[in-house]
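Colleague: Take this structure first; my questions come after.
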Amino acid sequence: MTDVLTAQDPTATDETWWRQASVYQIYPRSFADANGDGIGDLAGITERVPYLASLGVEAVWLSPFYPSALADGGYDVDDYRDVDPKLGTLEDFDAMVAALHGAGIRVIVDIVPNHTSDRHEWFREALAAPAGSPARDRYVFRDGTGPAAENPPADWVSIFGGPAWTAAGDGQWYLHSFAKEQPDLNWANREVRDDFLHTLRFWSDRGVDGFRIDVAHGLSKDLGEVLPTWAELSAMPKDGTHPLWDRDDVHEIYAEWRKVFDEYTPARTAVAEAWVAADRRARYASADGLGQAFNFDLLEADFDAPSFRSIIEFNLGLAEQSGSSTTWVFSNHDVVRHATRYALPPQNGAAEKQGGAWLLAGGSPDALDQELGLRRAQAATLLELALPGSAYMYQGEELGLQEVGDIPAADRQDPAFFRNPGVDVGRDGCRVPIPWTRDGSSFGFGSGGSHLPQPAWFGGFSVEAEDDDPDSTLNLYRKALGLRGQLQSEERLEWLDTGRDDVLAFRRPNGWTNVTVFGDEPYELPAGALLLASAPVADGALTGVGTAWLRA
Ligand code: GLC
C-alpha cells in the first residue's frame, strides 16, 4: 500500500502551514549564549539554525526576548517593540529571522497582553499620575480599604501566590494577576487595544509568521463597583461571565487582531494559551479569532492508554467544531519535563502527577526511574508526532533531558518560588540552559557560565553526546520529524482494534500507522513495513513501552 503515501498533503499551502506544523519552543535565555554573559541570546539562536534544521522542525516559537527585568523570565515586558539588550538588538532579530526563514523554518513570537512589566513607560506614568487620570486607566487601579487605605481593595490571591493587589503609595492599589512586577492592563481602554494592534503589525512587518498569546483568557475584565471577596470570586462559574477569566467579550479583542493577521499574506497565525474548560477552548481557536488554541490535556494526563484515547478523540472533535486543527504538547517552560513526570514514583493526585510533591521533597534524581521516564516520553512523543494537528515541542526534550529538581534556593529565579514558599518550587528546573557539549564551560551553552546552575549529569544528555549515537533520543526525534514531513496526511485518524487495554493503534488516511504500547508486555505489530520504533522490536513485536510507526 506504499503508493497511497504522498510526500506532502497537497492542501498544505502557505495559508495552512500551521495546521499540522511541528513547532519547537525556544526559551531564548537558556538556549545558546553567543556573547558569553551567561544568558542566551538571539545571536545564539542564529548560530544554532543548522541544528534546528537538522532536527527537522517546521517552526520555532520564541518565549519573550523583549526588554525586561526578568521578574518572570521575560513575561514581564518593558517594551513590546524592542529586543532586550542582554539578548541582542532588532538587527540581531532580523538576522535570526532571515537565517530561520532561509532554512525553511517559520517564526512565532510570544505576545504578553494581560500585563506589562512595572518598568513599562505606561506603568511609570501611571504611578506618577493621580487617581482617576488617563494614565491610571490603562491599568486596574482601585482605592484601598481601611481608614488610611492601608488595606488592599480585596483579599485576592495572585496566581504565583501572595496578594494580587499592591499599593501604589497614594491610597490606590493596582491589580496583578501574577507577580507584583506584572500590573494587569485594562483592556476596556482603547489606547491599550490600539497599542497591541501596533505591536502585532510591528512584528508581522519584520517577517514574523505567527504569535503565541500569553494568558489569552485573562484580558477582558469586569470588576464592577463592589469587588467580590476571594472566596466569592473563586466560587463564580467560569461560563463567560466571570469578572476575571475567560469572559465571552474577550473574543471581541481577538476579532480585531484577526483583521490585522489577515492584512498579511500568508495571514499571520496565532495560538492561544488559554487555561479554560475544554468545551470553551474552541472559541479561541475560531477562524474569526486567534485560529488555534493550546490543549494541555495530554500534558496533564497519566501515561495511560484509555486516557490518551479519550483525550485524542475529544480534541479531534473540538478541532472539527472550530474548523481549526488541534495542538499537542507534553512539555513547555511552565511544567516539569515529561521525561521526568513519567519517571516519578506511582502517582496519586494532580500535584504528584505534575512533579509538585517530588520537587517539594528535594527533587532528587535518585527518586526517579529515569529509564522508564525516558522510554515513556519517547513513546508519547512519537504518538504525538503521528497525530493529526500541530505538535509543540520544548527545547531539550529532543535530548530526553530530565528536569533539574534540586536547584538550590539561592539560585532560583521563578517568582512562583518566592511568592509561595513551601508550596511551589517553581519552574526553574525546566529552564536550565541546555547542554550542547559533554563538558566545558556550561556544557557548550556559552563561554560565560550559565544563569541557572547545570548539574554534572547534563553532559550525558548533550547534543555532542547524542549526535552520533544512532539510538539517541536526538536521532529518534530527527528521524521522526523527517518521516512526519514525508508522511503527513489529512487531519483524520482511524482507530485500530488492538485487543489490549494498554495498547493504542491508529491509522492516518494515507496508511501511516502508529502503535503505542503503554504496558510492559510485548505486543505483536500489525502487518506493514516498520518505519521507526522508540523501543526494540523483536520477532515482529514491540517489547513493552514504546511506539512504532508502520506503513500499512
Ligand atoms: C504564562 C506563561 C508563564 C508566565 C505567565 C505570566 O502562563 O507561560 O511562563 O509566567 O503566563 O505571564
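The values are calculated or read from the model by the stated rules, or taken from the named source; none is laboratory data. As the structure is a prediction and not an experimental result, all values here were calculated from the model. Please note: Cβ atoms are built from the backbone with ideal geometry, for glycine as well, and neighbour counts cover all protein chains shown. Note: areas computed on protein heavy atoms with side chains; ligands, DNA, RNA excluded. Shrake-Rupley method; radii C 1.70, N 1.55, O 1.52, S 1.80 Å.
Colleague: Check the stretch 241-248 and report whether any residue there is at pLDDT 95 or above, surrounded by 15 or more Cβ atoms within 10 Å (Cβ to Cβ) and under 27 Å from V23 (Cβ atoms).
Modeller: Yes, the stretch 241-248 has at least one match.
Colleague: Another question, then. Only one of (1) assigned to a helix (DSSP H, G or I); (2) within 16 Å of the ligand (Cβ to nearest atom); (3) in contact with a helix residue (DSSP H, G or I) (Cβ under 6 Å, 6 or more places away or on another chain) is not met by F123, so which one is it?
Modeller: Of the numbered conditions (1) assigned to a helix (DSSP H, G or I); (2) within 16 Å of the ligand (Cβ to nearest atom); (3) in contact with a helix residue (DSSP H, G or I) (Cβ under 6 Å, 6 or more places away or on another chain), the odd one out for F123 is (3).
Colleague: Scan D72, D84 and give me the residue that is more than 20 Å from the chain's Cα centre (by Cα) and buried (at least 22 other Cβ atoms within 10 Å of the Cβ).
Modeller: D84
Colleague: Hey, another quick one. So which strands (runs of 3 or more DSSP E) are wholly in the stretch 128-199 and hold at least 2 residues that are among the charged types (D, E, K, R)?
Modeller: Because the criterion is at least 2 residues that are among the charged types (D, E, K, R), the strands (runs of 3 or more DSSP E) in the stretch 128-199 that meet it are 141-143.
Colleague: In this structure, does F65 turn out to be within 16 Å of the ligand (Cβ to nearest atom), aromatic (F, W, Y) and either in contact with a Phe, Trp or Tyr (Cβ under 7 Å, 6 or more places away or on another chain) or at pLDDT 95 or above (or both)?
Modeller: Here the answer is yes, as F65 does meet what is asked.
Colleague: Within the stretch 291-319, work out how many residues are farther than 29 Å from R258 by Cβ and either more than 21 Å from the chain's Cα centre (by Cα) or of a type in the set (V, I, T) (or both). Before the answer, list the steps.
Modeller: Pass one, the stretch 291-319, residues farther than 29 Å from R258 by Cβ: 301-310.
Within this subset, residues satisfying the condition of being either more than 21 Å from the chain's Cα centre (by Cα) or of a type in the set (V, I, T) (or both) are 304-307, 309-310.
Summing the residues that are farther than 29 Å from R258 by Cβ and either more than 21 Å from the chain's Cα centre (by Cα) or of a type in the set (V, I, T) (or both) in the stretch 291-319 gives 6.
Colleague: Condition (residue is touching a helix residue (DSSP H, G or I) at 6+ places or on another chain (Cβ under 6 Å), open to solvent by 20 Å² or more (accessible area, probe 1.4 Å) and under 22 Å from I312 (Cα atoms)) applied to the stretch 477-484: is it met by at least one residue?
Modeller: Scanning the stretch 477-484, I find no residue that is touching a helix residue (DSSP H, G or I) at 6+ places or on another chain (Cβ under 6 Å), open to solvent by 20 Å² or more (accessible area, probe 1.4 Å) and under 22 Å from I312 (Cα atoms), so the answer is no.
Colleague: Output the residues belonging to the stretch 230-246 that are within 23 Å of G161 (Cα to Cα) and out of contact with any Asp or Glu (no Cβ under 6 Å at 6 or more places or on another chain).
Modeller: Scanning the stretch 230-246 gives A231, E232, L233, S234, A235, M236, P237, H242, L244, W245, D246.
Colleague: A416 passes all but one of (1) within 16 Å of the ligand (Cβ to nearest atom); (2) outside any helix (DSSP H, G or I); (3) open to solvent by less than 10 Å² (accessible area, probe 1.4 Å); which number fails?
Modeller: So the condition that A416 fails would be (2).
Colleague: Another one. May I ask you to say which residue of A350, A343 is in contact with an Asp or Glu (Cβ under 8 Å, 6 or more places away or on another chain), free of Cβ contacts under 8 Å to residues at least 60 places away in the same chain and buried (at least 21 other Cβ atoms within 10 Å of the Cβ)?
Modeller: Every option except A343 fails the conditions.
Colleague: Please note which helices (runs of 4 or more DSSP H) are completely contained in the stretch 281-385 and include at least 2 residues that are within 16 Å of the ligand (Cβ to nearest atom).
Modeller: The qualifying helices (runs of 4 or more DSSP H) are 297-300.
Colleague: Looking at (1) away from the ligand (no atom under 16 Å from the Cβ); (2) open to solvent by less than 10 Å² (accessible area, probe 1.4 Å), which is the only condition D411 fails?
Modeller: (2)
Colleague: Let me ask you something else. Within 16 Å of the ligand (Cβ to nearest atom) and in the same structural domain as K221 (by TED's automatic domain parsing): is that true of V57 in this structure?
Modeller: no
Colleague: Also: Would a scan of the stretch 425-438 turn up a residue that is of a type in the set (D, E) and either open to solvent by 40 Å² or more (accessible area, probe 1.4 Å) or assigned to a loop (DSSP other than H, G, I, E, B) (or both)?
Modeller: no
Colleague: What is the one condition in (1) without any contact (Cβ under 8 Å) to a residue 60 or more places away in the chain; (2) on the phi > 0 side of the Ramachandran plot; (3) within 16 Å of the ligand (Cβ to nearest atom) that G132 does not satisfy?
Modeller: For G132, the exception is condition (3).
Colleague: Further question: Those residues that are among the small types (G, A, S) and more than 20 Å from the chain's Cα centre (by Cα), I need them from the stretch 320-336; list them, please. Before the answer, list the steps.
Modeller: First, pick out the residues of the stretch 320-336 that are among the small types (G, A, S): 322-325, 331.
Answer for the stretch 320-336, where residues must be among the small types (G, A, S) and more than 20 Å from the chain's Cα centre (by Cα): S322, G323.
Colleague: Can you name every residue in the stretch 311-333 that is among the charged types (D, E, K, R) and over 18 Å from T381 (Cα atoms)?
Modeller: Once the filter is applied, which keeps residues that are among the charged types (D, E, K, R) and over 18 Å from T381 (Cα atoms), the stretch 311-333 yields only E320.
Colleague: Any chance you could count how many residues in the stretch 262-280 are more than 16 Å from the ligand (Cβ to nearest atom) and crowded, with 21+ Cβ neighbours inside 10 Å? If you could, list the steps in order and put the result at the bottom.
Modeller: Let us first name the residues in the stretch 262-280 that are more than 16 Å from the ligand (Cβ to nearest atom), namely 262-269, 277-280.
Then drop every residue that is not crowded, with 21+ Cβ neighbours inside 10 Å, which leaves 268-269.
Selection size over the stretch 262-280: 2.
Colleague: Among the residues of the stretch 203-241, which ones are of a type in the set (D, E, K, R) and either over 24 Å from A154 (Cα atoms) or within 16 Å of the ligand (Cβ to nearest atom) (or both)?
Modeller: Once the filter is applied, which keeps residues that are of a type in the set (D, E, K, R) and either over 24 Å from A154 (Cα atoms) or within 16 Å of the ligand (Cβ to nearest atom) (or both), the stretch 203-241 yields D205, R206, D209, R212, D214, K221.
Colleague: Please go through the stretch 137-191 and pick out each residue that is open to solvent by less than 20 Å² (accessible area, probe 1.4 Å), within 16 Å of the ligand (Cβ to nearest atom) and not aromatic (F, W, Y).
Modeller: V140, S158, G161, A164, L175, H176, S177, A179, Q182, P183, D184, L185
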